[in-house]
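Just passing along the structure, written as structure tokens.
The values are calculated or read from the model by the stated rules, or taken from the named source; none is laboratory data. This structure is a prediction, so every number in the text was calculated from the model and none was measured. When we count neighbours, we look across all protein chains shown, and the Cβ atoms used for this are built from the backbone with ideal geometry, even at glycine.
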């Protein structure tokens, strides 16, 4: 008697219909949520972006006028794109490389107390963003801890968040504290690398660096790929540091695209224009993600052969 | 196990429902019998306590007849107000930020109160404090404010420097002002800015601080002959020679004379910077006096320097208005009158330094009335001239930009970065000019889209 | 020159320990700084050169900071929201996960992929219209926009997690129960849910954290201070706390503390949760 296949063929039409109903019932809340909070708003957003309304759906239809303005006359578009892309280019590699090296370090055999070290590295990532932002603002205050530490070894302090050049690196640097999540993902991935591979390299006479370069790194590329994608998507939407600390300054040096959207929508109340801006952001995210996916063929190695 | 899970889930759901019920809607229940008024306002802790005290007094005096409920909004007042109006839930009476007054008036949210005013009332009010829309009075400044120079007299005494003048006629010229600031700008070794060994990188006390605020800089600009709007009031005038000269002067104060901090440097200031000697003089408004009064230093008030067109002041108050959606405008006006009366429960607020009455008659002009609220520690003698005297000179009051630039938020998007750039970096005159021209061009190009100069029925002032 | 294997190993371990020690120190310092700043008054805070340890320790900062704004209220508010959200996510996500994994119904695959794809959409796209919709429904300045989404499937992440986990449970249990005549509902509640404890714990923890730390939603929906959450209250301290770093650090420490405690108590669920996502999928 084959139970495996028989179980999925509904014995009667009545039972089939019941299954259908149950399926919809159980998934019901999620479906309603999807329609009401994702699909619905997306459609509304497209419509909204083609009106001139400010705080409602009551504007006049203007078609693609907002989009035309974004590409031709919007004075902050190129600054914010540049700021955002620069930030992602600095922050994502910084965070991924740091998280990866920390994970590899904390995966070393023979180290005692790994559980505690991992905890210390992970806890900062659960600190509420507001608290962490204020804390770092205080630490990087021109008269704060970081400058004092630097000056004690002879490096001149900087104005960090209030310096046109340093504000983006400072925000990226602040984010290193919160890479615990990525670190844990890498740790999980590292556990999945078979010991036998490392042994094989040892037999061939390889040392630490060979093991890393020919085994660890390639085997981890799928995981790294995932975190790069998520890091880029998240990084392109950054705006909270602007909201809480810099307000886009100084002199627009931290004018994140996301911050421009937020202030257009919730400070200046031009919701339709903000909706148009966010669709452009969506397209850019899609494009960059597609590019990264396309390059992945060349550098991501899948253990079980090519994955689709 | 099953039972435990079920119980836990039931409890959590019950709590969730309770939480929802407790939280739904922000408006407290009406008392049923007599009308309840909501009064929305902002302010720091002192103001909150003082306002709550006034409300309590009023409620006590009107027990059973009307009740006022104060809603203190800690931040983002404009956002709160906007969304409340959008939701159709206006307060009865509230502060309205100057920048939003005309928008709200033009959209019909505010009530014209001419018919509620006692006869002759308007004549007693400082002209600048009356807010009209379409010819009708729709608001009064919550309190008069007059921006002026506050200084720490102890610092001046310590360095043997004479105090800045408080009389309009004695206002300093630009060079005299710079020189004065230099003599109270001191580095960590005790050398002032005129000393040959002065170290500009190790400044302990700055002579002056204004911060990157357009309103403050406008005081210098107007005195220098610049105006916010051009002659036909259709655009701002930032590329005029007077504005460029003013901004260049600001840049020089910071980067050449080193009497002012860069915005970055001011981030490192401790709390209560005037008392703690972070700087000796600053531009300030009324709202700080109450805090100053509680601190341990001798406060002095001085007029702004005269760059050629006389010393200027500005009154950036909040406005108080009654809302069209209110069901009890007469009662709201009663509360308003109560709040404005210096002798009626609000004395601490006025005497304490937080508010300045908007009625010059009698509170500025009658010596006895004047003494009621100025004859105390919070008000130095110099205050009488630096603030009150200036309040009576309408030609020397800079019209508040927020009162006619309806979309001030978008306007700031262009102006603030330019100010930050000019104040943050040493620049030549040409570079400053270039920056100002760029800003002006941006405003010109984008004003139509944002509607910055859509005055509706607002009268822009120059 | 060749080192013996054990010496090489010892060198490697020494280097590693050194690195780990430096790392831990660097990660720990900000916490220390937050607590240390919270326990100093402003005179000490701005002393130059910097004073590292508070001396004297100003314990009063903590009660003073907590009393200058109604923190007890904010705690209560946040806690209520957390419980409401956790209950919602746990129930509706597992229901959806069950449907997507066990039951056969038309549109299942399409809807599942649609749901997953929502993870790629920038938040702003849905945030703005959702805000407008809630405002027009009159739910502005209530907790409704902050609670209802959790009861409608939670997030795509939670549905995904739940479904993946369901797939690991053998179907024989269902079949046995079906043969015995049990209804789908009973199968779900009675038989499967108890097995789901690990993933439910993970969902609960992550929802707890998400709600506790959430800033953007309270920021745009709540204007009445009586409804504020801890995150929002901290962010809006631009009044009395504007330059009062001692109070600000004290308040930040208090807002952080529960998260740290939760982490230590429920450590293994954090790790489990992330690994359960099956990143290679």
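Select the helices (runs of 4 or more DSSP H) contained entirely in the stretch A:172-275, then report the ones holding at least 3 residues which are within 9 Å of another protein chain (Cβ to nearest Cβ).
Where helices (runs of 4 or more DSSP H) fall fully within the stretch A:172-275 and carry at least 3 residues being within 9 Å of another protein chain (Cβ to nearest Cβ), they are A:180-191, A:217-236, A:257-262.
May I ask you to list pairs of residues, at least six apart or on different chains, whose Cβ atoms are under 9 Å apart, with the first in the stretch C:119-131 being facing chain A (nearest Cβ under 7 Å) and the second being at pLDDT 90 or above and not in a helix (DSSP H, G or I)?
That search, which allows pairs on different chains as well, returns C:122/A:237; C:123/A:237; C:124/A:237; C:124/A:239.
If you don't mind, another one. With the requirement that a residue be modelled with pLDDT under 80 and farther than 27 Å from residue C:82 by Cα, what does the stretch C:240-262 give you?
If the condition is that a residue be modelled with pLDDT under 80 and farther than 27 Å from residue C:82 by Cα, then C:240, C:242, C:243, C:244 are the ones that fit.
Within the stretch B:180-199, how many residues turn out to be closer than 20 Å to residue C:48 by Cα and exposed (fewer than 13 other Cβ atoms within 10 Å of the Cβ)?
Going through the stretch B:180-199 one residue at a time, the tally reaches 3.
Further, regarding this structure: With respect to residue B:431, determine if the residue is part of a helix (DSSP H, G or I) and either in contact with a helix residue (DSSP H, G or I) (Cβ under 8 Å, 6 or more places away or on another chain) or surrounded by fewer than 20 Cβ atoms within 10 Å (Cβ to Cβ) (or both). Quick ask: steps written out before the conclusion?
Values: part of a helix (DSSP H, G or I): yes; either in contact with a helix residue (DSSP H, G or I) (Cβ under 8 Å, 6 or more places away or on another chain) or surrounded by fewer than 20 Cβ atoms within 10 Å (Cβ to Cβ) (or both): yes.
Yes: the conditions hold for residue B:431.
Could you tell me how many of the residues in the stretch C:132-156 are at the interface with another protein chain (Cβ under 8 Å from one of its Cβ atoms), more than 22 Å from residue C:111 (Cα to Cα) and part of a helix (DSSP H, G or I)? Talk me through it step by step, then tell me what you get.
The initial filter retains those residues of the stretch C:132-156 that are at the interface with another protein chain (Cβ under 8 Å from one of its Cβ atoms), namely C:132-133, C:135-136, C:138, C:140-144, C:147, C:149, C:151-154.
Now narrow it down to the ones that are more than 22 Å from residue C:111 (Cα to Cα): C:132-133, C:135-136, C:138, C:140-144, C:147.
Those still in the list that are part of a helix (DSSP H, G or I) too: C:132-133, C:135-136, C:144, C:147.
Total meeting the criteria: 6.
State yes or no: is residue C:30 surrounded by fewer than 20 Cβ atoms within 10 Å (Cβ to Cβ), at pLDDT 90 or above and at negative phi?
The answer is yes for residue C:30.
Consider residue B:426 carefully, then state whether it is under 18 Å from residue B:248 (Cα atoms) and touching a residue at least 12 places away in the same chain (Cβ under 8 Å).
Judged against the criteria, residue B:426 is a match.
Would you say residue A:75 is without any contact (Cβ under 8 Å) to a residue 40 or more places away in the chain and under 22 Å from residue B:414 (Cα atoms)?
Working: without any contact (Cβ under 8 Å) to a residue 40 or more places away in the chain: yes; under 22 Å from residue B:414 (Cα atoms): yes.
Spelling it out, residue A:75 is indeed without any contact (Cβ under 8 Å) to a residue 40 or more places away in the chain and under 22 Å from residue B:414 (Cα atoms).
With respect to residue A:78, is the statement that it is at pLDDT 85 or above, closer than 22 Å to residue B:417 by Cβ and more than 10 Å from every other protein chain (Cβ to nearest Cβ) true?
Here the answer is yes, as residue A:78 does meet what is asked.
Going by the conditions given, is residue B:108 within 14 Å of chain C (Cβ to nearest Cβ), surrounded by fewer than 19 Cβ atoms within 10 Å (Cβ to Cβ) and either touching a residue at least 60 places away in the same chain (Cβ under 8 Å) or assigned to a loop (DSSP other than H, G, I, E, B) (or both)? Working first, answer last.
Numbers: within 14 Å of chain C (Cβ to nearest Cβ): no; surrounded by fewer than 19 Cβ atoms within 10 Å (Cβ to Cβ): yes; either touching a residue at least 60 places away in the same chain (Cβ under 8 Å) or assigned to a loop (DSSP other than H, G, I, E, B) (or both): yes.
Considered against the rule, which asks whether it is within 14 Å of chain C (Cβ to nearest Cβ), surrounded by fewer than 19 Cβ atoms within 10 Å (Cβ to Cβ) and either touching a residue at least 60 places away in the same chain (Cβ under 8 Å) or assigned to a loop (DSSP other than H, G, I, E, B) (or both), residue B:108 comes out as no.
Please tell me if residue B:128 is in a helix (DSSP H, G or I) and either over 20 Å from the mean Cα position of the chain (by Cα) or free of Cβ contacts under 8 Å to residues at least 12 places away in the same chain (or both).
no
Which of the residues spanning the stretch A:59-69 are out of contact with any strand residue (DSSP E or B) (no Cβ under 8 Å at 6 or more places or on another chain) and within 14 Å of chain C (Cβ to nearest Cβ)?
A:66
Of the residues B:208, B:220, B:177, which single one is in a strand (DSSP E or B), buried (at least 20 other Cβ atoms within 10 Å of the Cβ) and on the phi < 0 side of the Ramachandran plot?
On inspection, the qualifying residue turns out to be B:208.
Which one of the conditions (1) touching a residue at least 12 places away in the same chain (Cβ under 8 Å); (2) surrounded by fewer than 19 Cβ atoms within 10 Å (Cβ to Cβ); (3) facing another protein chain (nearest Cβ under 7 Å) does residue C:159 fail to meet, given that it meets all the rest?
(2)
Report those helices (runs of 4 or more DSSP H) wholly inside the stretch B:319-402 carrying at least 2 residues which are in contact (Cβ under 8 Å) with a residue 12 or more places away in the chain and out of contact with any helix residue (DSSP H, G or I) (no Cβ under 7 Å at 6 or more places or on another chain).
Once the helices (runs of 4 or more DSSP H) in the stretch B:319-402 are filtered for at least 2 residues that are in contact (Cβ under 8 Å) with a residue 12 or more places away in the chain and out of contact with any helix residue (DSSP H, G or I) (no Cβ under 7 Å at 6 or more places or on another chain), what remains is B:329-340.
Can you tell which of C:52, C:22 is closer than 30 Å to residue A:99 by Cα and outside any helix (DSSP H, G or I)?
That would be C:52, the only listed residue that is closer than 30 Å to residue A:99 by Cα and outside any helix (DSSP H, G or I).
In addition: Sort out which residues of the stretch B:181-196 are closer than 14 Å to residue B:255 by Cα, touching a helix residue (DSSP H, G or I) at 6+ places or on another chain (Cβ under 9 Å) and part of a loop (DSSP other than H, G, I, E, B), and write them in order of number.
Within the stretch B:181-196, B:193 is the sole residue that qualifies.
Which one of these does residue C:181 not meet: (1) assigned to a loop (DSSP other than H, G, I, E, B); (2) touching a helix residue (DSSP H, G or I) at 6+ places or on another chain (Cβ under 7 Å)?
Unmet condition: (2).
Please go through the stretch B:214-226 and pick out each residue that is in contact with a helix residue (DSSP H, G or I) (Cβ under 8 Å, 6 or more places away or on another chain) and either closer than 16 Å to residue B:436 by Cα or at pLDDT 90 or above (or both).
Matches in the stretch B:214-226: B:214, B:217, B:218, B:220, B:221, B:224, B:225, B:226.
Hey, any hits in the stretch B:434-441 for a residue that's surrounded by fewer than 17 Cβ atoms within 10 Å (Cβ to Cβ) and within 21 Å of residue B:231 (Cβ to Cβ)?
Yes, there is a match, as at least one residue in the stretch B:434-441 is surrounded by fewer than 17 Cβ atoms within 10 Å (Cβ to Cβ) and within 21 Å of residue B:231 (Cβ to Cβ).
So, one more: Out of curiosity, is residue C:107 more than 7 Å from chain A (Cβ to nearest Cβ) and on the phi > 0 side of the Ramachandran plot?
Yes.
Moving on to the next point. Condition check: closer than 24 Å to residue B:79 by Cβ, in contact (Cβ under 8 Å) with a residue 24 or more places away in the chain and surrounded by fewer than 20 Cβ atoms within 10 Å (Cβ to Cβ). Does residue B:454 satisfy that?
yes
Please indicate, with yes or no, whether at least one residue in the stretch A:37-50 is assigned to a loop (DSSP other than H, G, I, E, B), over 29 Å from residue A:254 (Cβ atoms) and more than 7 Å from every other protein chain (Cβ to nearest Cβ).
Yes, that holds for at least one residue.
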